[in-house]
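Participant: Structure below; questions to follow.
Nothing in this text is a laboratory measurement; each read-out follows from the coordinates by a stated rule. Predicted model only: the values in this text are computed from it and were never measured. Glycine gets a Cβ as well: all are built from the backbone with ideal geometry, and neighbour counts include every protein chain shown.
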Amino acid sequence: MASLIFTTTSTTAGDYIRSFADLRRQTRLLSGCAASNAQLGRRLPGVVRASRSSPRLNGRKLRVAVVGGGPAGGAAAEALAKGGVETILIERKLDNCKPCGGAIPLCMVDEFGLPLDLIDRRVTKYISMVRREVLDAYLRGRAADAGASVINGLFLRLDQPEGPGGSYKIHYNEYSAGGRGVGERRTEEVDAVVGADGANSRVAKSIGAGEYDYLIAFQERVQIPEVKMEYCKERAEMYVGDDVSPDFYGWVFPKCDHVAVGTGTLTHKTDIKKFQAATRLRAKNKIEGGTIIRFEAHPIPDHPRPRRVLGRVALVGDAAGYVTRCSGEGIYFAAKSGRMCAEAIVKGSENGTRMIDESDLRKYLEKFDRMYWPTFKALDVLKNVFYRSNATREALVEMCADEYVQKMTFDSYLYKRVVPGNPLDDLKLAVNTVASLSESKCLEQ
Amino acid sequence: MLMASLSPSPPPTSLSALSLKSHPSLRFQSILFPRKLPSLLLSRSADNGAGVVSSAPTVVQEEEKEKKNEEETPSPAVAEVPKAEDEQKSNLAANGAAVKAEAAAVPKFKDTRWVGGTWDLKQFKKNGETDWDAVVDAEVRRRKWLQDNPEASSDDEPVLFDTSIIPWWTWVKRFHLPEAEILNGRAAMVGFFMAYFVDSLTGVGLVDQTGNFFCKTLLFIAVAGVLLIRKNEDIDNLKKILEETTFYDKQWQATWQEDQTSSASKEK
């Protein structure tokens with residue numbers, strides 16, 4: 001019988017990933033009295049109240065602060081404002097060029113009605129490359145048009161409400177228009193907070209959401225000669241190998257007039273420069289003669305935070321940790337989770353007329369988890385099986401040449417669901433996968 | 001030839017295009033200890049004096065530089081570039097474990113039988129039939145080579161080789177049968193002694209054992225053990241793999257399992 005046990009030669013995931021109980025325990029240490037107060041509050045029996053019985057807000061609308069103006073924040077603020085909720089969107093850097101691969105699936109263009117001129121490049125018709133600064137600004141603009149007030153400010157911290165119906169006090173530094181400098185200290189009282197402030201979320205810290213393991217993605221923007229740019233225009237390349245990354249991949253993604261070359265890793269962060277050099281080597285023929293115009297790095301969450309909702313504060317997007325393994329895709333899930341959270345708030349508050357509580361936010365969690373859990377899990381399985389060693393990566397590359405695989409992958413990527421195919425073909429695919437992995441392992445010697 | 005002149009702290013500036021054939025290559029004059037790559041061709045040098053190596057290598061691997069951070073890179077010196085890859089390779093081969101001041105070149109994989117991105121089966125004929133074992137050997141060598149010397153990918157020379165062209169019985173004969181022999185041997189030994197001990201302890205003979213549920217369970221455990229646990233490390237590996245399969249699920253469900261209060265916890 002073929003040996004199907006791929007011993008964990010190169011992956012150190014088992015050693016590295018802290019037991020998540022440790023992560024939870026940390027939240028108690030980190031959060032201090034604010035979270036523990038909230039925890040005590042929730043320990044009271046029979047406190048869960050349905051939103052229907054929530055008190056109506058007299059003479060005012062529900063006020064929600066969205067912290068962070070990326071895809072998650074922009075989508076959330078727009079949906080909230082459209083739903084009749086008074087929304088403020090706090091973004092610290094309105095012209096931020098977030099380091100990002102910038103690939104969005106077709107379903108995002110459809111579901112969010114993105115105009116086609118936002119998209120720099122189309123890699124096959126399924127994957128669109130955007131510049132984050134362009135996308136983020138567009139979504140924020142839509143939120144503002146819907147009635148949200150966009151504030152250029154840096155969120156500092158939030159204070160928990162005094163009693164069960166109290167409001168959250170958020171502290172932030174507001175930057176004057178165009179002005180640099182420290183900014184003015186301001187506070188706002190809001191009924192709920194949506195934390196969309198990315199991988200290093202301060203809102204998450206405020207609620208003691210806990211830590212997650214994260215990858216470091218490092219990327220260089222390379223300006224290449226026109227003739228080579230032509231070649232790269234419609235192609236996104238991914239390189240796999242121990243030289244490029246032990247648990248992720250290196251990429252060459254086309255942007256408007258340059259390409260982004262990068263790689264990432266979770267387990268060997270200190271070697272990221274070495275991996276980047278290896279990626280450049282692999283892409284040598286495409287980027288020869290180019291100039292590095294900038295380089296950037298950013299953390300990518302590996303899994304959701306232990307706590308994503310506390311009281312009337314919810315996390316969305318990267319702040320919550322919604323990034324797929326294996327491919328590192330997060331923009332679509334950020335926007336979708338922002339929208340879902342906002343819709344849950346709108347529904348629970350009956351268009352801003354009632355107070356909401358934690359159960360309404362948990363409905364958003366439930367919906368999101370149910371809808372996208374299979375996708376995330378499938379990619380986790382792919383990562384565990386195919387990123388283990390060079391042999392399994394060779395098998396992956398071989399499998400990708402298979403037409404049925406391509407069809408299935410694109411369909412799933414397109415719809416963000418795990419789309420079942422023809423059972424006979426699936427069986428053939430399963431056999432091919434096993435054979436490919438087994439043969440590759442034999443060749444590994 | 002891709003060069004990057006990078007300095008340790010400020011942002012890197014340029015990659016200049018150099019073709020292997022014509023331009024001189026950038027080379028760092030200063031001593032750069034090549035990082036220990038898996039390749040056998042590089043070795044750490046403890047005494048890089050002038051830092052110039054007569055033979056070849058042209059490509060500077062930036063990683064060597066960056067990781068090393070010990071030395072500044074002064075103005076990159078220009079050194080001679082070897083005429084062709086082949087010469088490079090032969091030089092390297094001749095030097096063997098020669099001391100190099102900077103990174104070695106990245107010699108491409110070359111084999112006369114590797115044609116157009118795949119193995120030319122006509123060149124593997126033995127007695128009029130394809131010698132699949134030789135194909136497997138060649139592919140093993142190629143993969144090992146690439147692992148040690150990663151190459152730039154190129155759409156002009158794509159890799160078209162697919163392991164599925166090698167017939168299934170080659171794999172079976174070469175890899176699976178020896179393994180099966182070993183495992184069957186182990187199973188036979190374990191089985192014989194287990195049967196003996198059970199017989200001596202309980203008096204149930206071999207034939208009767210095969211009808212007994214408990215004995216059949218023992219047999220199942222023995223077979224599973226032989227299949228799954230081949231080395232001592234396998235026990236830990238299996239535990240890790242098992243944990244790995246459910247770890248992600250736990251991470252996602254963390255937000256649902258709050259503080260052991262039954263009202264808040266929900267199982268997926």
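Participant: What number, rounded to the nearest 500 deg cm²/dmol, is the helix-based mean residue ellipticity at 222 nm of chain A, given -39500 (n - 2.57) per DSSP H run of at least four residues and division by all its residues?
Facilitator: On the way: 15 runs with 185 residues, N = 445.
The per-residue figure over chain A is -13000 deg cm²/dmol.
Participant: Placing unit charges on C-beta atoms (Lys and Arg positive, Asp and Glu negative, everything else neutral), compute the dipole magnitude of segment A:172-267 about its Cα centre in debye, rounded to 20.
Facilitator: Value, rounded to 20: 300 debye.
Participant: So, R0 is 35 Å and r is the distance between the beta-carbons of A:Arg294 and A:His171; what FRET efficiency does that work out to, to 0.05?
Facilitator: After rounding to 0.05, the efficiency reads 0.60.
Participant: Moving on to the next point. When B:Thr217, A:Thr267 are ordered from fewest to most other Cβ atoms inside 10 Å of their Cβ, what list results? List each step's numbers first, then the result.
Facilitator: Working: B:Thr217 10, A:Thr267 18.
Result, fewest neighbours first: B:Thr217, A:Thr267.
Participant: Can you check what the net charge comes to around A:Glu439, using other residues whose Cβ is under 12 Å from the Cβ of A:Glu439 (Lys, Arg +1; Asp, Glu -1)?
Facilitator: -2
Participant: Most fluctuating residue of A:Gly83, A:Gly198, A:Gly113 in a GNM of chain A with Cα springs under 10 Å: which is it?
Facilitator: Per the Cα network of chain A with a 10 Å cutoff, A:Gly113 tops the list.
Participant: Calculate the FRET efficiency for B:Val190 and A:Trp373 from the Cβ-Cβ distance with a Förster distance of 35 Å, rounded to the nearest 0.05.
Facilitator: The pair B:Val190/A:Trp373 has a calculated efficiency of 0.25.
Participant: Pull up the cross-link candidates among the aspartates and glutamates for A:Lys428, meaning alpha carbon to alpha carbon under 20 Å and not fewer than 8 places away within one chain.
Facilitator: Partners found: A:Glu394, A:Glu398, A:Asp402, A:Glu403, A:Asp411, A:Glu439, B:Asp162.
Participant: Given the peptides A:59-65, B:231-237, arrange them by the average over their residues of other C-beta atoms within 10 Å, most packed first.
Facilitator: A:59-65, B:231-237
Participant: Right, next: How do B:Asp156, A:Asp369 line up, fewest other C-beta atoms within 10 Å first?
Facilitator: Final ranking by Cβ density, sparse to dense: B:Asp156, A:Asp369.
Participant: Something else about it: Under 20 Å from the Cα of A:Lys93, which aspartates and glutamates turn up, not counting those fewer than eight places away in the same chain?
Facilitator: A:Glu78, A:Glu133, A:Asp136, A:Asp145, A:Glu174, A:Glu184, A:Glu188, A:Asp197, A:Glu296, A:Asp318
Participant: Using Cβ contacts closer than 10 Å as the measure, can you line up A:Met238, A:Met129, A:Met408 from fewest to most?
Facilitator: The order, fewest Cβ neighbours first, is A:Met238, A:Met408, A:Met129.
Participant: Along the Cα→Cβ direction, 7 angstrom out, place labels at A:Arg122 and B:Lys231. What is the inter-label distance in nm?
Facilitator: So the two model labels end up 5.0 nm from each other.
Participant: Whole-Hz ³J(HN,Hα) for each residue in segment A:108-116, computed from phi via Karplus 6.51 cos²θ - 1.76 cosθ + 1.60 with θ = phi - 60°, x for glycine and proline: what do you get?
Facilitator: Karplus values, whole Hz, x for Gly and Pro: 6, 4, 5, 5, 9, x, 6, x, 5.
Participant: To continue, here is another question. Enumerate the amide H contacts of A:Leu156 below 5 Å, restricted to partners 5 or more residues apart or on another chain; note that Pro and chain-start residues carry no placed amide H.
Facilitator: When sequence neighbours closer than 5 places are left aside, the close amide H contacts are A:His171, A:Tyr172, A:Asn173.
Participant: Set Lys and Arg Cβ to +1 and Asp and Glu Cβ to -1, take the dipole of segment A:204-353 about its Cα centre, and tell me which of A:Ala283, A:Val346, A:Gly262 lies farthest positive.
Facilitator: Result: A:Val346.
Participant: Between A:Arg185 and A:Ala146, with labels modelled 7 Å along Cα→Cβ, what's the label distance in nm to one decimal, could you check?
Facilitator: 3.4
Participant: Next question. Please report the spacing between the Cα centers of segment A:159-178 and segment A:380-406 in Å, no decimals.
Facilitator: Rounded to whole Å, the Cα centres lie 48 Å apart.
Participant: Using Cα springs under 10 Å in a Gaussian network model of chain A, which residue among A:Pro304, A:Pro423, A:Pro105 shows the largest mean-square fluctuation?
Facilitator: Taking springs between Cα atoms under 10 Å, the residue moving most is A:Pro423.
Participant: Of A:Gly317, A:Gly289, A:Gly262, which has the largest mean-square fluctuation in a 10 Å C-alpha GNM of chain A?
Facilitator: A:Gly289
Participant: Give the relative contact order (percent, whole number) for chain A; include only Cα pairs under 8 Å separated by 6+ residues.
Facilitator: Once normalised by length, the contact order is 20 percent.
Participant: Continuing with the same structure: Taking 0.36 nm per intervening residue step and subtracting the Cα-Cα distance, what contour gain separates A:Asp159 from A:Glu230 on full extension? Mind showing how you got there, number by number?
Facilitator: On the way: separation 71, 0.36 × 71 = 25.56 nm, distance 5.27 nm.
Working it through step by step, the gained length comes to 20.3 nm.
Participant: I would also like to ask the following. Against the longest principal axis of chain A, how steep is helix A:71-82, in degrees 0 to 90 to the nearest 10, with axes from Cα atoms?
Facilitator: Between helix and principal axis, roughly 40 degrees.
Participant: Can you tell me the 0 to 90 degree angle between the C-alpha axis of helix A:132-146 and the longest principal axis of chain A, rounded to 10?
Facilitator: Once rounded, the angle reads 30 degrees.
Participant: On to the next question. Take the cross-link list A:Lys61/A:Lys82; A:Lys61/A:Lys347; A:Lys274/A:Lys416; A:Lys377/B:Lys240 and give me the ones stretching past 23 Å between alpha-carbons. Spell out each step's value before the answer.
Facilitator: On the way: A:Lys61/A:Lys82 13 Å; A:Lys61/A:Lys347 13 Å; A:Lys274/A:Lys416 33 Å; A:Lys377/B:Lys240 18 Å.
Beyond 23 Å: A:Lys274/A:Lys416.
Participant: Need one number: nm distance between label points at A:Met238 and B:Ser154, each 7 Å from Cα along Cα→Cβ, rounded to one decimal.
Facilitator: So the label points at A:Met238 and B:Ser154 sit 2.6 nm apart.
Participant: To the nearest 0.05, how large is the calculated FRET efficiency for B:Leu238 and A:Leu94 if R₀ is 56 Å and r is the Cβ-Cβ distance?
Facilitator: Details: r = 52 Å, r/R0 = 0.93.
So the FRET efficiency works out to roughly 0.60.
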